[in-house]
Structure formats: structure tokens, C-alpha cells
Amino acid sequence: MTYDGYLPAGVNGLLSAAIVFICICRARKINRTVLWRVRVGYIGLLMGAAANGFSPWLWELPSWPSVAFAFAVVLKLAIESRDWRDGPPFTSTGPAPLGDFPEISQ
Amino acid sequence: MQSPDLTPVHLVTIIAGIVFGPSVAMVVGPYVVIAICSMGGAGVMIMQREGDSLIRACVYFGAAVIFALFGTVPLSIGVASLWGPLQENWLYGPFAAGLAFSADKWTTLILPWAAKKLNKFVDILIAARGKQ
């Protein structure tokens, strides 16, 4: 194997590590109000990114298309980071109890 | 005499050939599966914890994964030896996730519970001894 074969594996590993790190950041901000499907999605993304990064040791050297997809996922997560800056966004949490609205008296 | 290739690219290629090579993959392969599953368990653990700083969350995540990496294989071999048809390879994934998920609960929940049970057992032993 030449240098050309290992370069995408290294870049792929770095991008997958970035995805895992972003997932840890999101998991830190996830609290009791966050929906189950959002939590399951981030756990799946974390494990999938780990498997993608470890792929040279799973008998599959990644190539440039894998790098492109990993970069796309990092880009999407980076764009979403504005929504998560102040905790989970309202689209990831369940509907608020009606009592929380000031118009409705208890 | 031909001089050896001393460029950094050649050096990195040789190191990558050793690190990503099949001989390393033979040994590291099961541990990669354990690492992936333990990252899932550690992620659930981080989601349950609240009020951590980012550095603290990363330290807890890494510690949980390392705990699972060291604990899974002995635990799987031990449990698999209890029942014949059970193979230890099947237990790596679930045990890695479980160990990483429980990593921050040993000092607060699991060990005190075990100590309480042990205390009760010793009390029963003392009571039984006193009756003789």
C-alpha cells in the first residue's frame, strides 16, 4: 500500500474524531426534556462515527468518498451548533406543559 | 550504495503501514468493537449527567471508555465460562456498553449497595454463629 491509500484513512479518522467530539458536546447539553428520538439519533451518530474512524482496523481502508461523507456530517453538525449554543433547541424537546404559558392561570 | 528515503512522507507511510496493517488489525479488531459499543454506553451516561462542564464531560467519557476497554474481556470470559454454549465474543458488545454506562455509578450506587448486602450477610453469619 502506498501513501495514497493511507491519506484518506488518516483524514477520515480525524473527521470521525471531530464527529465523536461534537456528539459528546451535544450529549452534555441533552437533559430530561429532550425527546428520545433525538437522543437515539446522537448515540447512533456517535457509534457510527467511531466505527467509521476505526475502519482500517475493521479490515476496510476508507477511500475519498468516505472522507467526503464524513466532512458533510461535520459540516451539518457545525451549522447546527448555533441552535445548541444555549441548550437544546425547542425542536428537540417535547411540547411545553400548558401551565408554563403566562396566559393560562393555574 | 543507495541512500535510504528520508522524507517525512515515506516515514509516515511506513508508520501508517504498521499501524493500519492486518497484523495489528488481528489483535485490535475485537477491541475496536468493544470501543465502539463502550462509546455508545458512555454517551448515554453523559446524557444522564447534568451540569457538567465540557472538560469534565470529556474526562468522564474517556474514563468510561478506558474502564470498559480493560474490564470487558475479563468479565466476558468469566461469564462465558459459567454456561457452555455461551461464547465470550457475543458478550463483548453488550458488556462494553453496560460497563461504560455504569462507569460513574460505581462509587455512588453500586459499591454502597454491594457493601450493604455484604453487611447484611455478615450479620446473618454472626447471628447464626451466636445460636450454636
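Observations on the model:
- Nearest 10 degrees, 0 to 90: helix B:111-131 Cα axis against chain B principal axis: 40 degrees
- Acute angle (nearest 10 degrees) that the helix B:54-80 long axis makes with the longest principal axis of chain B, alpha-carbon atoms: 70 degrees
- Put simply, chains B and A cover up around 2500 Å² of each other's accessible surface, both sides summed, when a 1.4 Å probe is used.
- With a Cα cut-off of under 20 Å and a minimum spacing of 8 residues unless on different chains, the lysine pairs in the protein assembly as shown number 5.
- Take each residue of peptide B:12-25, count the partner chain Cβ atoms within 10 Å of its Cβ, and average: the result is 4.
- Candidates B:Ala25, B:Ala64, B:Ala97: whichever shows maximal mean-square fluctuation once chain B is modelled as a Gaussian network with Cα springs under 10 Å: B:Ala25
- Peptide B:46-54 has a mean of 5 when you count, residue by residue, the C-beta atoms of other protein chains within 10 Å of its C-beta.
- Zero-based 10 Å bins, Cα pair distances in chain B, whole percents: 11, 24, 24, 19, 12, 6, 2, 1, 0, 0
- 24 Å tail of the calculated P(r), the protein assembly as shown, as % of Cα pairs: 60 percent
- Portion, in percent, of the accessible area of chain B that falls on carbon or sulfur, probe 1.4 Å: 73 percent
- Partner chain coverage, peptide A:52-61 - average Cβ within 10 angstrom: 5
- Segment A:Leu7..A:Ala78, full-extension length gain: 23.2 nm, with 0.36 nm per residue of separation and the alpha-carbon distance subtracted.
- What you get for the protein assembly as shown, charging only the Cβ of Lys and Arg (+1) and of Asp and Glu (-1), is a dipole of about 1000 debye around the Cα centre.
- Using θ = phi - 60° in the Karplus curve 6.51 cos²θ - 1.76 cosθ + 1.60, the 3J(HN,Hα) couplings for the stretch B:94-102 round to x, 5, 5, 5, x, 5, 5, 5, 8 Hz; x is entered for Gly and Pro.
- At most 11 other Cβ within 10 Å, DSSP loop - chymotrypsin sites (Phe, Trp or Tyr not before Pro), the stretch B:51-132: B:Trp83
- Cα long-axis angle, helix B:8-19 against chain B (0 to 90 degrees, to the nearest 10): 40 degrees
- The Kirkwood hydrodynamic radius of the stretch A:6-89, based on inverse pair distances between different Cα atoms, is 13.3 Å.
- Ligands, DNA and RNA are left out, and with a 1.4 angstrom probe the accessible area of the protein assembly as shown is 64 Å² per residue.
The values are calculated or read from the model by the stated rules, or taken from the named source; none is laboratory data. Nothing here was measured: the structure is a model prediction, and the numbers come from that model. Quick reminder, even Gly has a Cβ in these numbers, built from the backbone with ideal geometry, and neighbours come from all protein chains shown. Heavy atoms of the whole protein, side chains included, go into the accessibility calculation; ligands, DNA and RNA do not. Shrake-Rupley method; radii C 1.70, N 1.55, O 1.52, S 1.80 Å.
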